[in-house]
Amino acid sequence: MDFSIFINEYQFYLAGLWTTVWLVALSLLLGLFIAVPVGLLRSSENWLIKGPAWSFMYFFRGTPLLVQLFLIYYGAAQFDLIHETWLWHYFQEAWFCALLAFTLNTGAYTAEIIRGVISTMPKSELEAAKAYGMSEGQILRRITLPNSLRRALPAYSNEIIFMIHGSAIAGIVTIVDITGAARVVNARYYAPFEAYFGAALLYMCLTFSVIFAFKKWESRYSTR
């Protein structure tokens, strides 16, 4: 193995690392704004309310992330509503298409996590809150959401790891993330093992950083 490749190209790898971090972090943040209301709507007993949420989650959880990215990046241009309006300014940018695909995908998966923890919430806590005189909005804000989000931490950490690994497809649409950087390094040196091994190390560092942070977070909440 020629370790000089890592030394010569470390700045390029770090630039790809930064692209991966901000792309994944922003998509996770935006995905939460989608996931919380969709997860709550999906928990409703009324099909007129939970039907659209179910359809959204069914599509984005039932199709590969790569296909979703291709639909947005390659397919959006055929619609006049996008191609002939101000929206095209954004949809012609690879980073926007990747961000949109990642956001919708993680929003659907996170919404399912939230729906799952809400459905398994102890009924006694809700009954106690009602007996205390809380309104539905107060129960949601003070009991349901804090309790559900805390119990969702282990599953959500897996979703973050999935997004970190899934973000490797961003390089397919010309984004120079970690995998994109490895592809360029391989083209420069014709050393695929060294190039992609460097990318693997960076993905491992990100993954175990997330695991460590969530372990700390979970232990902090478990002591309360």
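The values are calculated or read from the model by the stated rules, or taken from the named source; none is laboratory data. Everything numeric in this text was worked out from a predicted model, so none of it was measured. Virtual Cβ from ideal backbone geometry, glycine too; neighbours counted across all protein chains shown. When the accessible area is computed, the model is the full protein with side chains, heavy atoms only, and any ligands, DNA or RNA have been set aside. Shrake-Rupley method; radii C 1.70, N 1.55, O 1.52, S 1.80 Å.
Ordered from largest to smallest accessible area (heavy atoms of protein chains, 1.4 Å probe), the residues Phe33, Phe91 come out as Phe33, Phe91. Ile175 contributes about 20 Å² of solvent-accessible surface, heavy atoms of the protein only, 1.4 Å probe. Say R0 is 35 Å: what FRET efficiency, to the nearest 0.05, do Arg142 and Phe208 get from their beta-carbon distance? About 0.50, to the nearest 0.05.
Rolled with a 1.4 Å probe across the full set of protein chains, the surface gives Met1 an accessible area near 100 Å². Legend: calculated FRET efficiency, Leu29 to Leu71, from the Cβ-Cβ distance at R0 = 25 Å, rounded to 0.05, equals 0.65. Here the chain has 67 percent of its accessible surface on carbon and sulfur atoms, given a 1.4 Å probe and all protein chains in place. Per-residue ellipticity at 222 nm, computed for the chain from helices alone with -39500 (n - 2.57) per DSSP H run of at least four residues, works out to -25500 deg cm²/dmol. Excluding ligands, DNA and RNA, the accessible surface per residue across the chain is 57 Å² with a 1.4 Å probe.
Taking every alpha-carbon pair within region 1-107, the share separated by more than 23 Å comes to 46 percent. Considering all different alpha carbon pairs of region 4-222, the Kirkwood hydrodynamic radius works out to 19.4 Å.
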